[in-house]
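Novice: The structure follows.
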Amino acid sequence: MRQQVRRDLIHLAWPTALEQLLGLATQMVDMAFVGRVGAYAVAAVGVATQPLWLTFGLAGALGVGIIAVVSRLAGARDDEGVERAASTASWLGLGLALLLGAGLYFGAPWIVKVMGAPPDVYPHGVIYLQVLVPGLIGHYWFSAMSAALRAVGETRIPMLLALVANAVNVVLDWLLIFGNLGFPALGLAGAALASSVARFIEAAGLLLVLLVRSGPVALRWRTLWRFSPDLSARIVRVAVPSAVERSASTLSLVVFAILINRLGTVAIATQQIAYVVEDLIWLVAFGLGTSCATLIGQSLGAQDPERARLAMLEGLRVGAAFTLTVAASFLLMPGVYMRIFTTDAQVIALGTMALRVAAAADIPMGLVLILSGGLQGAGDTRAAAVITLVGSWGVRLTLAYLLIDVLGWGLYGAWTAAACDWALRLALFWNRFARGRWKEMAV
């Protein structure tokens, strides 16, 4: 059974992981282009992007609820239930997308100010965030419906649409940032516009696919308007603790970023680039966690908890091998990564140190993302919320304040605090998994 579970896991994981890596590749190209505009532009992207973690966390929490419910229904072979859940998920995703989009657009000046943007960065951050909003609305809905597809094992459609969107983004970056082929040179605003258009195309493509595809996860005209209060309540019941977890984690990262932002423009730019590089591990681990969530949900729906346990263990084995390999590259050649995105000597020097500390922090981080994803696929979202609160607020922020503000360790102190946070979370999540109560969760 172990070998079959591993094959199923890899079959589900590779399109999701590739989709995430394609997104990362686009972020890297974005950052490389924006880095040529100037350090202020990189910093503006940083202060505008950091608050988006909260919105992505809320959209992701909805996705957790969708995966938990739809995968259980799929495991029980309830196609009619899956069909009703898909149309319900679409409405929930659209409502959340419109709410988040309105908040970001009208709140952009306040958000960027609260993030502690320096005067030379503030106006650019506001414009960048507002131009992103139309595409973000599409992206939030795309996130919800991609979760429904992944819950039934369909991971290739989101991957292919992400490939198209990323290609569009890169081409538009080249045209709109620098004004190539007669297009206007919009600089940082051009980067935001490119991302927004690409995300809108991605969402429109998924809508078209769902309108014409067969299978239970589809939006047929006869069911498009259906909304199930019962299934909505089940999705939200799982999603709310996950939203608390992700909001707590994201808000801690926002506070964490504010502590770093006070160190100046060079530190902001360095942190932003380091985050993009670190996503090599984050996004692959996310893909594995999502795949574990699907297999665990389907297995529990089919009354096969042993298969669910094996899915988690195989996900951890694959994730550990990948995480160790990438973390070793951060330790051995951090300067190579930094020079991809900037020519600023100060940013390169500071980023070299940051990535070496990240090499230690990212190993437990990757395993935590897999454990958390799998447990949430079983519906065990409350424990994840408590563990995240303890790690992010109790450990990371407390240590970051002491190491940055009291001891004056600067960015090194920030990354040391992050490493301690991830190490504690790994121990707590593993204990939760080993105790096995997640096998009995009702969804």
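The values are calculated or read from the model by the stated rules, or taken from the named source; none is laboratory data. For clarity, every value in this text was computed on a predicted model and none was experimentally measured. A quick note on method: Cβ atoms are made from the backbone with ideal geometry, for glycine too, and the neighbour counts reach across all protein chains shown.
Novice: Does THR325 meet the test of being assigned to a helix (DSSP H, G or I), free of Cβ contacts under 8 Å to residues at least 12 places away in the same chain and either in contact with a strand residue (DSSP E or B) (Cβ under 8 Å, 6 or more places away or on another chain) or more than 10 Å from ILE370 (Cβ to Cβ) (or both)?
Specialist: In short, yes.
Listed here are the residues, each with its yes/no results for (1) surrounded by fewer than 21 Cβ atoms within 10 Å (Cβ to Cβ); (2) hydrophobic (A, V, I, L, M, F, W, C).
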residue: VAL37; (1), (2): yes, yes
residue: ALA44; (1), (2): no, yes
residue: VAL47; (1), (2): no, yes
residue: ALA59; (1), (2): no, yes
residue: GLY63; (1), (2): no, no
residue: VAL69; (1), (2): no, yes
residue: ARG72; (1), (2): no, no
residue: GLY75; (1), (2): no, no
residue: ALA89; (1), (2): no, yes
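Novice: Let me confirm something: among ARG213, ARG199, ARG220, which residue is surrounded by 21 or more Cβ atoms within 10 Å (Cβ to Cβ) and either of a type in the set (Lys, Arg) or in contact with a strand residue (DSSP E or B) (Cβ under 9 Å, 6 or more places away or on another chain) (or both)?
Specialist: The unique qualifying residue is ARG199.
Yes/no matrix, rows are residues, columns are (1) under 22 Å from GLY289 (Cβ atoms); (2) of a type in the set (D, E, K, R); (3) surrounded by fewer than 19 Cβ atoms within 10 Å (Cβ to Cβ):
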{"residue": "ASP380", "(1), (2), (3)": "yes, yes, no"}
{"residue": "VAL386", "(1), (2), (3)": "yes, no, yes"}
{"residue": "TYR412", "(1), (2), (3)": "no, no, yes"}
{"residue": "ALA417", "(1), (2), (3)": "no, no, no"}
{"residue": "ALA423", "(1), (2), (3)": "yes, no, yes"}
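Novice: Restricting to the stretch 376-424, count the residues that are of a type in the set (Phe, Trp, Tyr), over 19 Å from the mean Cα position of the chain (by Cα) and assigned to a helix (DSSP H, G or I).
Specialist: 4
Novice: Which of the residues spanning the stretch 219-235 are assigned to a helix (DSSP H, G or I) and in contact with a Leu (Cβ under 8 Å, 6 or more places away or on another chain)?
Specialist: SER232, ILE235 - these are the residues of the stretch 219-235 that are assigned to a helix (DSSP H, G or I) and in contact with a Leu (Cβ under 8 Å, 6 or more places away or on another chain).
Novice: Within the set of pairs 6+ apart or on separate chains, which have a first residue in the stretch 59-78 that is free of Cβ contacts under 8 Å to residues at least 12 places away in the same chain, a second that is crowded, with 24+ Cβ neighbours inside 10 Å and basic (Lys, Arg), and C-beta atoms under 9 Å apart?
Specialist: ASP78/ARG72
Novice: Has the stretch 210-230 got at least one residue that is touching a Phe, Trp or Tyr at 6+ places or on another chain (Cβ under 7 Å), within 22 Å of TRP91 (Cα to Cα), touching a residue at least 12 places away in the same chain (Cβ under 8 Å) and not acidic (Asp, Glu)?
Specialist: Going residue by residue through the stretch 210-230, those that are touching a Phe, Trp or Tyr at 6+ places or on another chain (Cβ under 7 Å) are 227.
Those left that are additionally within 22 Å of TRP91 (Cα to Cα): 227.
Still in the running and touching a residue at least 12 places away in the same chain (Cβ under 8 Å): 227.
Now restrict to residues that are not acidic (Asp, Glu): 227.
Checked against the condition, which is being touching a Phe, Trp or Tyr at 6+ places or on another chain (Cβ under 7 Å), within 22 Å of TRP91 (Cα to Cα), touching a residue at least 12 places away in the same chain (Cβ under 8 Å) and not acidic (Asp, Glu), the stretch 210-230 yields at least one hit.
Novice: Restricting to the stretch 61-88, name every residue that is under 14 Å from SER232 (Cβ atoms) and hydroxyl-bearing (Ser, Thr, Tyr).
Specialist: SER87, THR88
Novice: Do the conditions hold for LEU402, that is, is it crowded, with 23+ Cβ neighbours inside 10 Å and modelled with pLDDT of 85 or more?
Specialist: For LEU402, the condition - crowded, with 23+ Cβ neighbours inside 10 Å and modelled with pLDDT of 85 or more - is not met.
Novice: Of all residues in the stretch 287-306, which are surrounded by 20 or more Cβ atoms within 10 Å (Cβ to Cβ) and not hydroxyl-bearing (Ser, Thr, Tyr)?
Specialist: GLY287, LEU288, GLY289, CYS292, ALA293, LEU295, ILE296, GLY297, GLN298, LEU300, GLY301
Novice: I'd like to check something: does the stretch 99-116 contain any residue that is buried (at least 24 other Cβ atoms within 10 Å of the Cβ), under 18 Å from the mean Cα position of the chain (by Cα) and either free of Cβ contacts under 8 Å to residues at least 12 places away in the same chain or assigned to a helix (DSSP H, G or I) (or both)?
Specialist: The answer is no; no qualifying residue exists.
Novice: Looking at THR325, is it at pLDDT 80 or above, surrounded by fewer than 18 Cβ atoms within 10 Å (Cβ to Cβ) and among the hydroxyl-bearing types (Ser, Thr, Tyr)?
Specialist: yes
The rows are residues; the columns are (1) under 14 Å from ALA117 (Cα atoms); (2) of a type in the set (A, V, I, L, M, F, W, C).
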residue	(1), (2)
LEU219	no, yes
ARG234	no, no
ALA239	no, yes
SER252	no, no
ARG262	yes, no
ILE268	yes, yes
TYR275	no, no
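Novice: Sticking with this structure for a sec: Need the failing condition index for ALA198 against (1) in contact (Cβ under 8 Å) with a residue 60 or more places away in the chain; (2) touching a Pro at 6+ places or on another chain (Cβ under 9 Å), just the number.
Specialist: It is condition (2) that ALA198 fails.
Novice: What do you reckon, is ALA162 buried (at least 17 other Cβ atoms within 10 Å of the Cβ), at negative phi, modelled with pLDDT of 90 or more and in a helix (DSSP H, G or I)? It would help to see each step written out before you state the result.
Specialist: Working: buried (at least 17 other Cβ atoms within 10 Å of the Cβ): yes; at negative phi: yes; modelled with pLDDT of 90 or more: no; in a helix (DSSP H, G or I): yes.
So ALA162 fails the test.
Novice: Six or more apart or on different chains, Cβ atoms under 7 Å: show the pairs whose first residue is in the stretch 353-371 and under 19 Å from LEU332 (Cα atoms) and in contact (Cβ under 8 Å) with a residue 12 or more places away in the chain and whose second is acidic (Asp, Glu) and part of a helix (DSSP H, G or I).
Specialist: ALA358/GLU278; ASP362/GLU278
Novice: Can you work out which of the residues in the stretch 328-375 that are of a type outside the set (A, V, I, L, M) and assigned to a loop (DSSP other than H, G, I, E, B) is surrounded by the most Cβ atoms within 10 Å (Cβ to Cβ)?
Specialist: THR342
Novice: Return a yes/no flag: does the stretch 70-77 have any residue that is of a type in the set (Ser, Thr, Tyr) and more than 13 Å from the chain's Cα centre (by Cα).
Specialist: Step one: list which residues in the stretch 70-77 are of a type in the set (Ser, Thr, Tyr), which gives 71.
Among the residues that remain, those that are also more than 13 Å from the chain's Cα centre (by Cα) are: 71.
Yes - at least one qualifying residue is present in the stretch 70-77.
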